[in-house]
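A short worksheet on the structure shown next.
Every number in this text was worked out from the coordinates using simple rules, so none of it is lab data. Just so it is clear, the model here is predicted, and its values are computed rather than measured. Glycine also receives a Cβ, built like all others from the backbone with ideal geometry; neighbour counts cover every protein chain displayed.
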Amino acid sequence: MAPKSLHLFLFVCSRANINMPVLRTLSKVAKQALLVSQGCGCQPLTVAVRNISFSPRQVTSDASFHSVSFSETDHPKVLITGGLGQLGVGLAKVLRKRFGNNNVILSDIRKPPSHVFHSGPFIYSDILDYKNLREIVVNNRITWLVHYSALLSAVGEANVPLARAVNITGLHNILDIAAEHGLRLFVPSTIGAFGPTSPRNPTPDLCIQRPRTIYGVSKVHAELMGEYYHHRYGLDFRCLRYPGIISADSQPGGGTTDYAVQIFHDAIKTGKFECNLRPDTRLPMMYIDDCLRATVEIMESPVDTLSMRTYNINAMSFTPEELAQEVMKQLPDLEVSYDVDQVRQAIADSWPMNFDDDNARRDWGWKHDYDLPELVQTMFNYIGSETRLAQVN
Ligand SMILES: NC(=O)C1=CN([C@@H]2O[C@H](COP(=O)(O)OP(=O)(O)OC[C@H]3O[C@@H](n4cnc5c(N)ncnc54)[C@H](O)[C@@H]3O)[C@@H](O)[C@H]2O)C=CC1
Ligand SMILES: CC(=O)[C@H](N)C(=O)O
């Protein structure tokens, strides 16, 4: 066993909250193993650790991939962190339909609205509280973890220390717990993981990634750490880089692509929309149903179809002007004005304009359903019916 592995082993024991006497015994065993292995060139630690039934974290660096496999009748037990944001409630609905209501637990640090609370299991979980997170995973026999907690691009720039804590320290907790308990882990990344020096039109899976936001930096970190844990410890890490996601029934949480959701609400309510990005700002976008389906599809993909662990996915790409024109086909009197927010504009100008998702399409059959016209029609149908319902009540 290499000294580096010994340090890691001891680190994991301490993170795993193993009590001191046990930790001391384990470290003694590990140190002896180190001495023996240095002498004879073999790797006895794996045996020593297996004999004392320790966690999967002692997998050697050339370990083959360990996936949690499920029989046809054995559904995964899913925990979604940050589940009360724009995407989590929708994902819980899709997964509950597939695996049963009680097999999908939503969690967040906020109070759930009553319709969410009554729709299925909800639990308080702060991803910065390692012990609490671990307890939830153990007590509920979680097998899949979907890690949605994050501060998005614009709010992240407004509070860098918090973004760093949630997006980086929180992720470390998630990775350790997932590796320790052999979970299949999904962490979304984003178009925001690229920067001004990346090729922007189109942006391939593998290219320069030098983002200029704390959000982007934390997401590149998540991609790299997840892939490292996969290669080093056999963690079943799966990651999709989402474009800007557009949804009708949930509000976005402080991103740069939020304008593409807001336009629908403002257009229907007031007939006016003030956009905080320049009219020619082109960004990749996707309707939420496509995003959630992609997430389920990659989680269910057989291991041998995944030639990579982090994939771009895309559906469409448009500017505020093009979106407004499509919206005006439904609401010809819509008045659109522009009042550019410099922070958001600078972020958008450093992000991909088009996303190359050929690898996802080739490897696990990714295919989007919604292009711009279908997106606009669907948003109007949904928000229009909600508004009519509110007027009746
Ligand atoms: N919505 C989008 O357009 C895109 C989203 N993504 C990623 O998808 C994931 C979900 O995104 P959204 O739902 O839009 O985000 P959101 O900002 O709407 O929701 C994030 C949730 O995380 C929770 N949270 C914050 N601190 C926490 C903590 N300490 N412990 C537990 N939860 C905490 C918040 O309460 C919030 O409900 C994020 O990781 C985001 O980076 C990626 C690309 C595009
Ligand atoms: C594209 C994203 O990651 C998010 N919507 C944001 O704008 O920050």
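Over all other residues within a Cβ to Cβ distance under 15 Å of Asn354, the charged ones net out to -4, with Lys and Arg as +1 and Asp and Glu as -1. Exposure proxy for Val146, Val303, Val137, Val116: other Cβ atoms within 10 Å of each Cβ, ordered fewest to most, give Val303, Val116, Val137, Val146. Out of every Cα-Cα pair that region 78-392 contains, those further apart than 31 angstrom amount to 28 percent.
Between Tyr382 and Thr197, the simple label model (points 7 Å from Cα in the Cβ direction) yields a spacing of 3.8 nm. With 28 Å as the limit on Cα-Cα distance, the pairs of Lys77/Lys111; Lys111/Lys219; Lys131/Lys367; Lys77/Lys131; Lys93/Lys272; Lys111/Lys131 that go past it are Lys131/Lys367; Lys93/Lys272.
Shown in residue order for region 232-238 are the 3J(HN,Hα) couplings computed by the Karplus curve 6.51 cos²θ - 1.76 cosθ + 1.60 at θ = phi - 60°: 7, 10, x, 4, 7, 8, 9 Hz (x for Gly and Pro).
Ordered by the count of other Cβ atoms within 10 Å of each Cβ, fewest first, Ser198, Ser153, Ser189 give Ser198, Ser189, Ser153.
Estimated at 0.36 nm per residue, the fully extended path between Gln342 and Asp289 surpasses their Cα-Cα distance by 16.0 nm.
In terms of surrounding Cβ atoms within a 10 Å radius of their Cβ, Trp364, Trp144, Trp351 rank from fewest to most as Trp364, Trp144, Trp351.
Annotation: amide H-H contacts under 5 Å for Ser317 (H modelled 1.01 Å from N, sequence separation of 5 or more, or interchain): Met285.
Relative contact order for region 78-392 using alpha-carbon pairs under 8 Å, separation at least 6, rounded to a whole percent? Here the relative contact order equals 19 percent.
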